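For reference, the structure is listed below as structure tokens.
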């Protein structure tokens, strides 16, 4: 009798999915409200990429020559990619802070889906990246960047950047759950982010890099999303250097593949690490 009642009372798959969606929306709202109440996070996350644009465009731009295209147009897609990757680090930092402050323990005491904590956190970071991209686009227009592709191609470029950032958020979630203090996370995340964004075609063509670094950069996921954005924005010169490497020949498809691979690997890892972290 008891087993029959347990079977009847057990929620169905549809009910569990509905709970995950509802709880994820609630956690997302909580994190967005937190951004509104602590606007410093949003302010400084947009100031740093603006500084990168100004530094690279006006300081290094005169020293970097490209055939057939403006360095400033070449630069902006790389700044976009770097900005959304940096924005994804807020996922891990927020999780590390919530773990330290005991907020995760409060979530455990509530009748909610555990996965909603991670889903809501990563979705909230999409909001930060949307604001950052708007600010970066306006800054790019000021320094001379223009969208030379079609409207739909430009929309696809922005969507790819946001999807890629969302995938990176799950990597950062794993890092944030592995460390035991937000201070440690800052150092750990930069050890991942800096090589990922600088050993790529974000600021210089990969053809100018040494052989080993060029191979790494050509197959880097950041290079793929950067090149995809350049192609879709129409910021690639037909007279520029070409490469026979498949990811650079098909950057849009490569970016989608990287997004799927990253999510397939790090979503389960993040969920598993979350269960371990809340039980220790």
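Points to keep in mind about this one:
- Of all residues in region 26-46, those satisfying the criterion of being out of contact with any helix residue (DSSP H, G or I) (no Cβ under 9 Å at 6 or more places or on another chain) and either assigned to a helix (DSSP H, G or I) or modelled with pLDDT under 70 (or both) are 33, 37, 40, 43, 44.
- Flag for residue 154 being assigned to a helix (DSSP H, G or I), at pLDDT below 90 and surrounded by 16 or more Cβ atoms within 10 Å (Cβ to Cβ): no
- Residues of region 95-109 that are touching a helix residue (DSSP H, G or I) at 6+ places or on another chain (Cβ under 6 Å) and closer than 15 Å to residue 31 by Cα: 95, 96, 97, 98, 104, 107.
- For region 57-80, a residue qualifies if it is touching a helix residue (DSSP H, G or I) at 6+ places or on another chain (Cβ under 6 Å), surrounded by fewer than 21 Cβ atoms within 10 Å (Cβ to Cβ) and either under 22 Å from residue 276 (Cα atoms) or at pLDDT 80 or above (or both), and exactly one does: 72.
- Put simply, of 83, 89 the only residue that is free of Cβ contacts under 8 Å to residues at least 60 places away in the same chain, under 23 Å from residue 227 (Cβ atoms) and crowded, with 21+ Cβ neighbours inside 10 Å is 83.
- With respect to the conditions (1) free of Cβ contacts under 8 Å to residues at least 12 places away in the same chain; (2) not in a helix (DSSP H, G or I), residue 64 falls short on a single one, namely (1).
- Any hit, region 185-193, residues being at pLDDT 85 or above and surrounded by fewer than 23 Cβ atoms within 10 Å (Cβ to Cβ): yes
The values are calculated or read from the model by the stated rules, or taken from the named source; none is laboratory data. In this text, all values refer to a predicted model and were calculated from it rather than measured experimentally. Every residue, glycine among them, receives a Cβ derived from its backbone with ideal geometry; neighbour counts consider all protein chains shown.
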